[in-house]
Every structure is written in structure tokens, then in C-alpha cells.
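Notes to accompany the following structure.
Just so it is clear, none of the values below were taken in a lab; they were calculated from the coordinates. Since the model is a prediction, treat every value here as computed from it, not as a measurement. Glycine also receives a Cβ, built like all others from the backbone with ideal geometry; neighbour counts cover every protein chain displayed.
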Amino acid sequence: MQISFTLNGRPTTVDVEPATLVAELLREQLHLTGTHIGCDTSQCGACVVHLDGLPVKSCTLLAPALDGATLLTIEGLQGTSGSNQLHPMQEAFREHHGLQCGFCTPGMLMTAVALATEKPDLTEADVRHGLEGNICRCTGYQNIVVSVMAGAAAMNAAKGE
Amino acid sequence: MGNVIGIGASPKRKEDQRFLTGRGNYVSDIKRPGMTAGVFVRSPHGHAVLRGIDKSAVLAAPGVIAVLTGEDVAADKLGSLPCGWGISDAQGVPMKEPPFPMLAQGKVRFVGDMVAFVIAETPEQANAAAELLSVDYEVLPSVVGVLEAVRPGAPQLFDDVPNNICCDWELGDKAAVETAFRKAAHVAKLSLVNNRLIGNPMEPRAAVAEYEPGTDRFTLWTTSQFPHVVRFLMGALVLNIPQHKLRVVAPDVGGGFGVKQFHYGEEAVITWAAKRVHRPIKWVASRSEGYVSDRHGRDHVTEAELALDETGKFLAFRVNTLANMGGYLSTFGPNIPTNLYGPLLGGVYTTPAIYCNVKVVFTNTVPVDAYRGAGRPEATFVLERMVDVAASEMGIDRVEIRRRNMIPKEAYPYQTPVLVQYDSGDPMGCLDGALVAADVKSFGVRKAASASKGKFRGLGYSTYVEACGLAPSRFAGRLGARGGLYESATVRVHPTGQVTVMIGTHNHGQGHETTFAQIVSEKLGVSFEDVDIVFGDTDRVQFGMGTYGSRSLVVGGAALSKATDKVIVKGKKIAAHLLEAAEVDIQFEAGKFSVAGTDRIKTFEEIAGAAYVPHNYPLEVLEPGLEEQAYYDPVNFTYPGGCHIAEVEVDPETGTVTLVNYTAVDDVGTVINPMIVEGQLHGGIVQGVGQALFENAVYDESSGQLLSGSLMDYCMPRADHMPMMKVATHSTLCTHTPMGVKGCGEVGTIGSPAAVINAVVDALSHLGVTHVDMPATPNRIWRLLQNASLPVAAE
């Protein structure tokens, strides 16, 4: 079937098998391999993307659900603030060493941006609770939590400008 | 020169840009023209005779290109998956080493054992066709636990391995230990289980293989921590592919933790199959598939006894362990519970006599091999639990008994009774630092506050040492290593002065691209931005043993340091010629070659230019070019260690253990990048906390089914399980590595399980609890409390 949606700001039309998962569509057909698949039970969160502004696990979403929707993936995060600079959340992860092997990072970033958008005054407990659906095996989460707090503050500051 | 960023600085990581923007290059991202999809059919039974396989329905399915089984492997006369270590018993009798065919032959020995490989045009077709494979199994009883496996009458995995015992290994002076026990004022005893773990790097294993008939060359892209070792083991010992006809690439790898440091059957099958079908093939494991095929870790059952004099001094330590090997010997399997375990049983203490017996046992489970820490967390857990048990039984404070037995800083180098000689360390300094950082003085106040909320609060210590920087080849060879354990680096200076380093270690999260660039930037005085680190490709990197055992900086960094030294030596020769001075008068500092005592200088860039445009150049005595290579074989292991202090709160209503504070003060030697070291410590600690509180690989005893076979069933640490940790370093310098480094990748995982469980036991000690097995889940604690609370209630 044919579906049309906005992908990282660009109108996109693709032919898909209706049983295709969004994560597979992105990785295999659209060559956007930044969205990762780390499990088969919707637990790890490496595949999180934004569907109409909300974070979803793209490994659990069928492609037809995209028709008419707006999708943002990790590849589109850079430059969402207008320039081609890293998003403040990406910058915060770099600054605070919020990543090691990088595999969980795209999902972490997409979840973090959604958390900070939803609740501008995030506490540490909010962040830890909000990251429940994203597993990282490298960092022990500490620097991710620090990064998300800093990234959220930077997003707030940018909004205020 | 430019932006020199050297040792001790924390520049942001070079590798981050691609990972932050979704532009990493992991194996599952790779696409090749004409690529097909491969799927493994795995045994659903723990133990069965393979009576026959009927491929016909699979071959008739849409899109199927080929189906390969163990019979095809045998027909092509391919080798068994090799074990890299050969251990022996006390009499020198070698371990039993049954073949490990890449696709099962005759029998399957664990759930997940590979039976067939199905290749089709698409992953969907391969998956659908694989369902159609008809396998005739004669199911046999399984045995999954080590205690059951060695009992008379237990199911036997191999005809020629009686009682499933691969090797009955020992270390230490048994007679001296017995004598000491006879003199002891007190003997403390402890039985414990070191729980079985599944590594769970976030990137599942994957491989892509391709064969080029025009050149007769194979390429394997694989999620590996050591591509050169895969090329050697697979090419030379399994598939009979000459080394120069085989390229192994491990690009970005999403975490390893040991799970990706073995040569897996999947790698061999897919490479062999790529030539048979003359098409590239891709295989990507699902997480569930990883659970039944990634090598597992730990899984010990141990009885330990500590002999003490009346003052609490340790006289002797005796440890008997049954270690699970799973269904076959994996690449490092038998080395982990023996050579990486027994020699660490001295810990940071002066115990004069130690004896350790380890029975290495086959069971119907996934093969067990190294997982972050590998043998050393198991040793630390036995010893640090034992110390607490002894202190409690003798009524000595837990910190005081550690102090009475600790090796004083001035006693280093210190020869232990179990092979290893610690070159440097200051365990007392780490302990003192941690006591302050953890604010142990005020623990009583916090405990009272918890009690007022109806919670039990406990504090736990782990003062530990590990052996890493694997490894001195000659020493390892005596212990049974079948390969060398050196490392290599090439420093290629370009005509414009930028530098590319080719190194044999592998970066899969550790930040090597940054740390190694700092070493080069400092030593050569070149800009940090002007250094790139290349790894993970046997066509680009000369040779290397890869990354595991906290070895990359210790051994790889030393090779890199040596290679840069050689660049400087050659640079001085060129400078001497250009500056018309004697070579001995040339100094090199901060990127400049100068004649001592003059202002005549040549920059590093000028020397590099001269090396590649040798018009004014001593060609009669010196080759053009500026590229140097070094191999480094360490003279000893390194011995990082430290003190970890965990503080927990137990809710008696639910049995839930909450980690409320965690403090670590570690001695990792010279710190190149403090930000990266801290990150390694955080991650390591949480993996150890995971073992202590959450993680457990559980098999059904009769069927051999893995019950904890998904992320829904195997509890991984999550962000809200952890408090903010306090980590710090208290370093003494390694005396035998070029930069004084000791390694930091595994310390967190080695120190933490004992600290956490000691805290849990402390929290419950008023109820008479003396030991808690890992993981200390709410269920386990709640049951303990139900049993323990009866006599208390009766008081």
C-alpha cells in the first residue's frame, strides 16, 4: 500500500507491505539506520521516534499508522532549531558524556527531548522515571540523567530567547 | 602545533558526533548489492539426539536459496570451533575438549544450539522457511545445574567426559592450608552461588559475509571485540581460509562486555555459506536469539573456609568451586573460572596460604565464558563475603578486620601465594578515602532515620583488587593460553603532519578514539583534532588481539606509546640532518625539534614534510617516510583495585532493596581522560549492581529451557534503580606500564556485587541473616524475612 507522511520535515510517499514495522521501514526502505532495534519485546527503547510530536517505539508500530502523520527520527533532530547545529539535547549528551557505545543513544535522545518538551522543569526523579523505557548497558545512566537535565535547561533557555 | 590536548584532560569524545546524529555504522546497518538473509534454526531442546533433518519443505518455500546443516559442515571437512585455552588438572592431565561443531552433529546440547542455516532472498522469507524445517529429535534428559551435573547418574553430555567434568583444576599449597586450618582460633565457613548472567550489550550480535570470486577473498563484517582473532581462529582453524584471503571488519559495535570477544559459530557458518551461495548474506540476531546464543557469564557454586587467629588475622583460605561451562567450550571458557579466579583469592590481604579447587563442568546450557570482570568478580565476591562473615562471627568490626589484614602500601611489590605479584597499590588509602566520601561516620543517623520509616538500612564494603591488562604472553602461555596477548600500534604521520593510528584494540564504547588521540597529541605535540584512530579492520590494521580484560589502554596504549617514541627517534635523525647538528644534541618538546642550547628549530610538520619530500635528506642512511610500528607484550598484569561502599534500604513489607548511596574510590593508575574513566566506573558499577539485585539467568531443571529468555524476564538495571554514585580515583602508578596506567573497564563490575550484598546482609543482620544469594530480589528477601521474623516475633 502507499502511505504519505512528513519525515523529518519533508513530504514522503512510500509503498509498503502493511505488516511492515516503522523501524524496519526506516532502516531498510528509507535507509535511515539511526533508529536502532535492540530487542523484540518493546523494552529497550533504542527505536524511539516522535510521531506527531510524541515519543513512540517504532518497533511496535505498523507503517500504515504513519499515513498523514508527522515523523521525526534521530536524523532529523539536528537542525530542528533552524540552523544545522546539534539540538541542545545532543549537545548536552556530548558535553556530559551521556553516551558510550552509541547504540541506545538515538532512542535516549528522542525520549529525552520528549520528556523535556512535556515538562520543562524536570527533576532528577522525573528523568529517571521518564527513562524507564530506555535501557543503556554502558553508562550506568548517571551521565545520561545529568545530560537530560542539562539538555532540558538548554531547551528552556533557547525557548526564552 | 595547535590544539594539544594531552594526558589528564577531558576533551569531548571524537566518536560522539556520529552517534549523536544517528550516523554510526553498525553491522546491522550494512547493505551489500545482492544481499540475502540468513536465519539460524536452533534446538528447542536442552539435550537430544539429532536423528535426521528433512530440508525438502524449506527448499520448496518461496525465496529460499540454500539450507545448510551439520552434515554439510562434515562433508566439507570444516574444523571445530576452537578453544583458546587448554587447562590441566593437578596431575597435568589436559582438560576434556570435545568438539564444538558450528552446526550441531549427532546431538544438540543446549536450547539454542544451532541445527541449520536457512538462506533466502529476504529476512521474512528466511524466517518463514525456517519454520518448515523438519528435525527428528530423540529428546534426552537435560542437566542444567553444576551440583546435579556431577552427581552419579546425571545425564552425560559427552560419551568421553565422565561425570560431565571437563577439568578438576587446582591452585595453591593444599598441605600448607591444611596445616594452617589445624592451628586456627576460628574457622568461618560460607556456601554461596554466583548467579548466572547474560551480558546484554544493547546491540544484538550480527554478521554480514561476502565472497569475491575474482580475488578469492572473503569479507566478514561482525559484531566483534577482536576481529584479528576471529580471522585467525576462523580462517586458520575452522574454515581453512588463508589469512590473506580473509578480511574481518568489526565497525561500530554497540557494546561488548565480553559477549563479543569469542569466535562464534554464526561467524563461521555465514562466511562459509557466502561462498556456497555466491551472494552476500546478512544475519541479525533478535534479542531472544541472543539470550540463547550469546555466551553467558558467572554461574558458580562455592564452598569457602577462612582460617583466622585469635586477633582476626587471616591464616589460610580454602575455596572449592563448581563452575558451569555450558554445553561446549567457548573461546576463553575454561580460563575464566580458573586462571582468572584462583589467583585473585588473595585479594588485598596478606593471607599466607590459599588453596583453590575448581571443577569445570559441562551442562545443557549456553556455553559460559567471560563477562565483564570474568572470574575476578566471582573471586572478589567469595572473598569479600567471607571477610564479613568472619568479622561478624568473631565480633570484629568489618573495617577493622580489613585493616588488620590489608597489604600495607610499603609492602609492594607484593608476592601472593597464588601466582600473581602485585606491582603497586594502596588499599588502605582507597579505604580511608571511601570512608570519608561515603560519610560512614553519620551512617547511624541515616540508619535511625530509615528505622523511623520502618525500613532496615545497611552498609556494605568491598575492598578488592583485580588482575587486568591481559596479558604477559609467556606467563599466560604457562597457564594454558594458546595465543599471544600483546598488542600492536602503527603511527602513520602524513606529509602534512596529521596522524593516523592503526591499533589492534577495538573501540565499542570505551572512548579509544579520544583517549588514544590524547596520548598522541601529548607525545608528538600535534593538535588533538589532527589525530585519527583506526581499528576494527584486518585490512587496515596490522594485527591485534582486541579489547577485553581492561587491556586496551594498558597494552594497546603501551604499544602506541612505543610507536610514537619511534617516530620521535626518527624525527630527531631528520632534524639533525636539516639543522646540521649531531643527533644527540637534538631535543624534542611540544612539537618542536631543536638543537640544545640554540634557537634553531624545526617543527613536527616540517620534519614530516621533509620525510616525504626527501630532497635535503640523509637518504644514504635513512629511509624516507614517517611511519612507525610497535608491538608491546606486558611484563606483568596490572592490578587496579579500590574500595566500594554501598548503602541500601530494605522495605520489610515488600522485600524490596533500594540502593540509596554508592561510593567508589578506585586505584586505576594514571588517568588519561578523567571524564571517560568516570563513565567506565559508572557503567561497571551498575553492571555489578545488576548482578547483586536484579539479574539472573534461570533454566528449567528438567527441560533445559531458558526461563529468563527476554528483556521481559531478565531484569536489567534501569535509570530509576540507581542513585547518583560518587566515584573518585586514588591512584598509585603501575610500575611496569609505560604511562603508569592500570585499566578501568572492569573495576566497577568486580568491586560492586560484594559491596551491595554485604550491605543487604548488614541491613538484615539483626534478624540473624548471615548471607543472601544474588540477586537480592524482593521475592528472595521477603521469603528470608518471613523465615527470619518468627523467632524475632517470639522474643
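Some points to look at:
- Relative to the longest principal axis of the Cα atoms of chain A, the long axis of helix A:142-160 lies at roughly 80 degrees.
- Excluding same-chain neighbours fewer than eight residues apart, the lysines reachable from B:Lys453 by a Cα-Cα span under 22 Å are B:Lys441.
- Computed from point charges on the beta carbon alone (+1 for Lys and Arg, -1 for Asp and Glu), the dipole magnitude for the stretch B:486-632 about its Cα centre is near 260 Debye.
- DSSP H segments from chain B that extend 20 Å or more along their own axis, Cα-based, with Kyte-Doolittle mean of -1.0 or above: B:376-394, B:557-578, B:674-693, B:747-764, B:778-794
- Shape index of the stretch B:486-632: Rg/Rh, with Rg the Cα radius of gyration and Rh the Kirkwood radius from the inverse mean 1/r over Cα pairs, equals 1.01.
- Converting phi to 3J(HN,Hα) with the Karplus coefficients 6.51, -1.76 and 1.60 and the offset θ = phi - 60°, the stretch B:214-224 yields x, 10, 6, 10, 10, 10, 10, 9, 8, 7, 10 Hz in sequence order, with x at every glycine or proline.
- Kirkwood-Stokes translational diffusion coefficient of the protein assembly as shown, alpha-carbon pairs, 4 °C, 1.567 mPa s, µm²/s: 44 µm²/s
- Per residue of B:681-689, other chain Cβ atoms within 10 Å of the residue Cβ number 4 on average.
- Cα-centre dipole for the stretch B:304-427 with unit charges at Cβ (Lys and Arg positive, Asp and Glu negative), debye to 20: 200 debye
- Under a model in which nothing but the beta-carbon of Lys, Arg (+1) and Asp, Glu (-1) is charged, chain B shows a dipole of about 60 debye around its Cα centre.
- Whether the stretch B:75-170 is rounded, prolate or oblate, judged on the alpha carbon gyration tensor where a/c under 1.5 counts as rounded: prolate
- What separates the Cα centres of the stretch B:399-449 and the stretch B:349-370 is a distance of 25 Å.
- Between the stretch B:471-540 and the stretch A:98-117, the alpha-carbon centres lie 29 Å apart.
- Antiparallel content of DSSP bridges confined to the protein assembly as shown, in %, to 5: 80 percent
- Inter-centroid distance (Cα atoms) of the stretch B:560-604 relative to the stretch A:1-37, Å: 57 Å
- By the Cα gyration tensor, chain B has an equivalent ellipsoid whose semi-axes, rounded to whole angstrom, run 42, 38, 23 from largest to smallest.
- The Kirkwood radius of chain A, taken over pairs of alpha-carbon atoms, gives through the Stokes-Einstein law at 20 °C and 1.002 mPa s a diffusion coefficient of 135 µm² s⁻¹.
- Residue (of B:Ser561, B:Tyr486, B:Leu524) at the positive-pole extreme of the stretch B:486-632, dipole from beta-carbon charges: B:Tyr486
- In order through the stretch B:351-365: 3J(HN,Hα) via Karplus (6.51 cos²θ - 1.76 cosθ + 1.60), integer Hz, x for Gly, Pro: 3, x, 9, 9, 9, 9, 10, 10, 9, 8, 10, 7, 9, 7, 9
- Taking packing as the residue-averaged number of other Cβ atoms within 10 angstrom, the listed peptides B:557-564, B:38-45, B:470-477, B:219-226 run from highest to lowest as B:219-226, B:557-564, B:38-45, B:470-477.
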